[in-house]
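> Quick one: this structure, given as structure tokens, is what I'll be asking you about.
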Amino acid sequence: MKKISILLFAMLLFNCKNEAKKADVASVNPVETVVETPQDIYQFKVEDLYGKPFDFAALKGKKVMVVNTASKCGLTPQYELLQELYDTYKNDNFVIVGFPANNFLSQEPGSNADIATFCKENYGVTFPMMSKISVKGKDMHDVYHFLTEKSKNGLEDSSVAWNFQKYLIDENGHLARVISPKMLPTDASIVSWITSK
């Protein structure tokens with residue numbers, strides 16, 4: 001009986017030493033986790049409403065608000081507040097980039113020329129407005145794949161809920177925040193983000 005007890009004790013001791021060794025090896029060589037570096041918005045080149053090239057790389061060092069717009073939406077009056085925000089902070093390394101889109105109840109049916117006229121005549125828009133694109137679905141534009149997919153932006157997955165959803169991009173071109181369409185562009189939390197150093 002004594003021999004069996006000693007044998008069992010020896011086996012337990014050996015087992016414990018082996019487990020301790022494994023733990024030591026694991027702490028020296030932990031499993032490496034690969035963290036992908038998020039992409040930035042500077043990779044994209046698009047066309048503006050007038051067919052001219054627009055390179056996001058030209059915005060390096062600026063905070064950017066990207067917003068999908070529409071001319072016949074209940075939220076269309078946000079154009080006025082977007083312009084007010086742009087006028088107030090455009091000299092403080094801030095820019096707004098608008099993307100007209102017809103994805104929600106066909107509320108942006110016009111051509112690029114129609115949209116340009118509407119924006120100028122009704123709201124005096126002077127911030128950069130791009131050519132009409134799709135912000136969801138099979139024909140979603142690459143810019144919006146970046147904005148809505150965590151695997152690309154490194155922050156979060158999202159979907160564009162409606163017209164006037166806002167995406168805030170920091171000075172390094174990385175997605176910083178996703179803003180609901182209903183939140184006004186002049187909301188205190190957005191202004192605080194723009195003015196923070």
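> Between S159, S106, S111, which is more than 27 Å from Q43 (Cα to Cα) and among the polar types (S, T, N, Q)?
Answer to the selection: S106.
> What are the residues in segment 142-170 that are assigned to a loop (DSSP other than H, G, I, E, B) and out of contact with any strand residue (DSSP E or B) (no Cβ under 9 Å at 6 or more places or on another chain), if any?
E149, D157, S159, A161
> Filter segment 171-180 down to the residues that are surrounded by fewer than 18 Cβ atoms within 10 Å (Cβ to Cβ) and assigned to a loop (DSSP other than H, G, I, E, B) and list them by number.
Correct list: E171, N172, H174, S180.
> Quick one: which of G61, G98 is touching an Asp or Glu at 6+ places or on another chain (Cβ under 9 Å) and of a type outside the set (S, T, Y)?
None of the others qualify; the one that does is G61.
> Count, please, the residues in segment 56-92 that happen to be in a helix (DSSP H, G or I) and within 14 Å of I190 (Cβ to Cβ).
Residues that pass the stated criteria total 8.
> Does segment 113-165 hold any residues that are more than 18 Å from P181 (Cβ to Cβ), surrounded by 17 or more Cβ atoms within 10 Å (Cβ to Cβ) and among the hydroxyl-bearing types (S, T, Y), and which are they?
Residue satisfying the conditions is S131 alone.
> Quick one: which of P109, P38 is within 30 Å of D187 (Cα to Cα), surrounded by 11 or more Cβ atoms within 10 Å (Cβ to Cβ) and at pLDDT below 95? Working first, answer last.
On the way: P109 fails: at pLDDT below 95.
Within the list P109, P38, the selection yields P38.
> Related question: Out of the residues in segment 181-197 meeting the condition of being within 18 Å of P77 (Cβ to Cβ) and free of Cβ contacts under 8 Å to residues at least 24 places away in the same chain, tell me which one is surrounded by the fewest Cβ atoms within 10 Å (Cβ to Cβ).
Once the filter is applied, the top-ranked residue is M183.
> Answer yes or no as to whether F118 is assigned to a helix (DSSP H, G or I), within 13 Å of the chain's Cα centre (by Cα) and modelled with pLDDT of 95 or more.
no
The values are calculated or read from the model by the stated rules, or taken from the named source; none is laboratory data. Since this is a predicted model, take the numbers as computed values, not measurements. Cβ coordinates were reconstructed from backbone atoms using ideal geometry, including for glycine residues, and neighbour counts include every protein chain displayed.
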